[in-house]
1. Of the residues Asp186, Asp73, Asp284, which exhibits the maximal mean-square fluctuation in a Gaussian network model of the chain defined by a 10 Å Cα contact cut-off?
2. At what distance in nm do the modelled label points of Asp284 and Ala297 sit from each other, each positioned 7 Å from its Cα along Cα→Cβ?
3. Please give the per residue accessible area of the chain, computed with a probe of 1.4 Å over protein heavy atoms only, in Å².
4. May I ask for the net charge around Asn96, where only other residues with Cβ less than 12 Å from the Cβ of Asn96 are counted and Lys, Arg are +1 while Asp, Glu are -1?
5. Is there a quick way to get the dipole size of segment 98-212? I mean about its Cα centre, with the Cβ of Lys and Arg at +1 and of Asp and Glu at -1; what is the value in debye to the nearest 20?
6. Translational diffusion coefficient of the chain at 25 °C, 0.890 mPa s, Stokes-Einstein with Kirkwood Rh over Cα pairs, in µm²/s as a whole number.
7. From the C-alpha coordinates alone, can you work out the Kirkwood hydrodynamic radius of segment 199-304, in Å?
8. Once you put a point 7 Å from the Cα of Ala190 and another 7 Å from the Cα of Lys71, both along the Cβ direction, what distance in nm separates them?
Amino acid sequence: MFKKYYLWLAAALLVAAPAHAKLRVVTTLQDFSSIADAIGGDRVETFAIAKGYQDPHFVDAKPSFILKLSKADLLIVAGLELEIGYLPPLIDQSRNDKIHPSSPGYLDASIGCDILQRPTTQVTRAMGDVHPYGNPHFWTDPNNGKVIARAIAAKLSELDPAGAADYAKNLAAFEAKLAEKEKEWDAKMAPYAGTKVVTFHDSWPNFAKHFQLVVAGHVEPKPGIPPTPSHTLEIINLIKEQKIPVVIVEPYFDMKTPNAIAAQTGAKVLVFYPSVGGIPEIKDYFSLFDHDVNAFADAMKGKK
Ligand SMILES: [Zn+2]
């Protein structure tokens, strides 16, 4: 009788237990969770701390993030101090040794990427510059997206060797789709090669490098420092002198100064989304570039 019961129990457990427990992946940005979903498929469960419509430098730490981190197998960050303002205390409070910066379950996505504006002299965060180790908005170049996808595939295979073949297959599919989409994006942007733009925050050097735009100035006097009247006047003069057609603004900044600049110069204000999730249509890493490339081309039509 007991034997029968245990057999039944064993059978029930076999049915109830999933084929494998999903790897829990927490990322700071939705861009990384989108890529991790593409590579991990149904072997992973992802959660992004910052939403795509939020300034990735300044995220409100919520207790629910600590809970997510406490159960995470892998944490993927941008690094370069993008998350310095909120992440270190969350990691500490999660009490999860797996995701400490020196642990295998911590992946700095900037490693191996083309990082621009690396300082050549020792820097401090004095004066409020929030890019002290180089530009942390590097995922806006699809070539860096490929590097990030490869790093994620390698890390997932390390943490879950049983899934290595799945991760390799998914990575190949991701890279093939990215190569195809890159051709489409490059073709759409080619007519505008060399176009000068002003951007609110210094979020776009990688995007500009890839698509051959020239970032001539920023509405912020320094990354993280709000506009000042004297700097705004300089930008207005710059746009007038160099006939700059577009002012690119991230969705989380106040439109007052960009709109005033546009009114004085005739430049067009263009809202550009730096991350997946900025609006519902930008649902993955591919639609991020679809959106921004189309928005840029649309803004430029009628300008030439
Ligand atoms: Zn920044």
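The values are calculated or read from the model by the stated rules, or taken from the named source; none is laboratory data. In this text the structure is predicted, and so the values were computed from the model without any measurement. Note: ideal-geometry Cβ built from the backbone for every residue, glycine included; neighbour counts use all protein chains shown. We work out accessible area using only protein heavy atoms, side chains counted, and drop any ligands, DNA or RNA first. Shrake-Rupley method; radii C 1.70, N 1.55, O 1.52, S 1.80 Å.
1. Residue with maximal mean-square fluctuation among Asp186, Asp73, Asp284: Asp186.
2. Result: 2.0 nm between the two label points.
3. Value returned for the chain: 48 Å² of accessible area per residue.
4. Combined, the nearby Lys, Arg, Asp and Glu give +2.
5. My answer is approximately 100 debye.
6. 117
7. 14.2
8. Roughly 4.9 nm, to one decimal.
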